[in-house]
Amino acid sequence: MSQIQFALWDVGNVIVRATHKITEAILCELGVRPDKAALFFHNPAYGQFARGKITGEQFAQAVREVLEVPYLTDEQIRVAHDSHIYMVDWDVEKILWELKEKSVPLALVTTTNQWQTARERQFINLADRYGSVVRSHDIGMTKTDDGAWTVILKELGWQDKDPSTILFVDDAAANCATARRARLQVHQYDPTPMVGMAKLCTDLTRRGLLK
């Protein structure tokens, strides 16, 4: 196993806590059927929004059509969407800060959209604290898209680095799988409170990043 020299972290459900259940509950209170509310984050328009291919207004219109709720306003849809992001996990953030204090090169990469980015910044300005943040809506790709890792590493200026010296931390199995195929080392984060932190600390210590 190569020595880790760089750390690359996901944001959602790792640094910033989020759950789709909050959005779904709000939509149901607005009269959306539960089976339709479950489609909010799982429809083609959401992927387009995450890749920066459509605007927030276009996404809201798509939501009205997919959820069959023509009466919902753009504002109601955005409030429901934004509410799924609800706090910073300061325990995880403390680990990031420790790595920064140890001069471990850090960067963040996230599948997100313009609304999520604005909501995230209500809680924490990650760019100010950690520098480079690669966002899917800026590069037009998510982490599972073909060729995404070539683009991500180039965005970070890490294209000439040995991928096996980069540790990628993400909660999503699909993202972890594509990172492994790109030869990065991976820690799949468990967002379960306390459990995930314990596993993360153990792994980072084993890899020599924490003591």
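Laboratory data are not the source of any read-out in this text; all were calculated from the coordinates shown. Computed from a prediction, not measured in an experiment: that's the story for all the values here. Glycine gets a Cβ as well: all are built from the backbone with ideal geometry, and neighbour counts include every protein chain shown.
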Query raised in the report: Mean separation of Cα pairs under 8 Å and 6+ residues apart, divided by the residue count of the chain: what relative contact order is that in percent?
Result: 28 percent
Report task. Please give the net charge around Ala174, taking every other residue with its beta carbon less than 15 angstrom from that of Ala174, where Lys and Arg add +1 and Asp and Glu add -1. Result -> -2
**Report entry** Residues Val66, Val14 arranged by fewest to most Cβ contacts within 10 Å
**Finding:** Val66, Val14
Report summary line: region 5-123: spread of alpha-carbon positions along the three principal axes, whole Å, largest first, is 52, 28, 22
Query raised in the report: By how many nm would the segment from Val88 to Thr55 lengthen if fully extended, with 0.36 nm per residue of separation less the alpha-carbon distance?
Result: 9.3 nm
Query - Ranking of Arg129, Arg78, Arg121 by count of other Cβ atoms within 10 Å, fewest first - result: Arg121, Arg129, Arg78
Report task. Could you please report the charge total around Asp145, scoring K, R as +1 and D, E as -1 over all other residues with beta-carbon less than 13 angstrom from its beta-carbon? Result -> +3
Query raised in the report: Under a Cβ-Cβ cut-off of 11 Å, what is the net charge of the residues other than Glu155 that fall near it, where Lys and Arg count +1 and Asp and Glu count -1?
Result: +1
Requested in this report: Round to the nearest 10 and give me the degree value, 0 to 90, for the angle of helix 20-29's Cα axis relative to the longest principal axis of the chain.
Outcome: 10 degrees
Query raised in the report: In whole Hz, what ³J(HN,Hα) sequence does region 132-145 give by Karplus (6.51, -1.76, 1.60; θ = phi - 60°), x for Gly and Pro?
Result: 5, 10, 8, 10, 4, 6, 8, 9, x, 8, 9, 5, 9, 6
Report summary line: If Leu106, Leu153 are placed from fewest to most neighbouring beta carbons inside 10 Å, the sequence is Leu106, Leu153
Query raised in the report: What is the spread of the Cα atoms of the chain along each of their three principal axes, largest first, in whole Å?
Result: 55, 34, 29
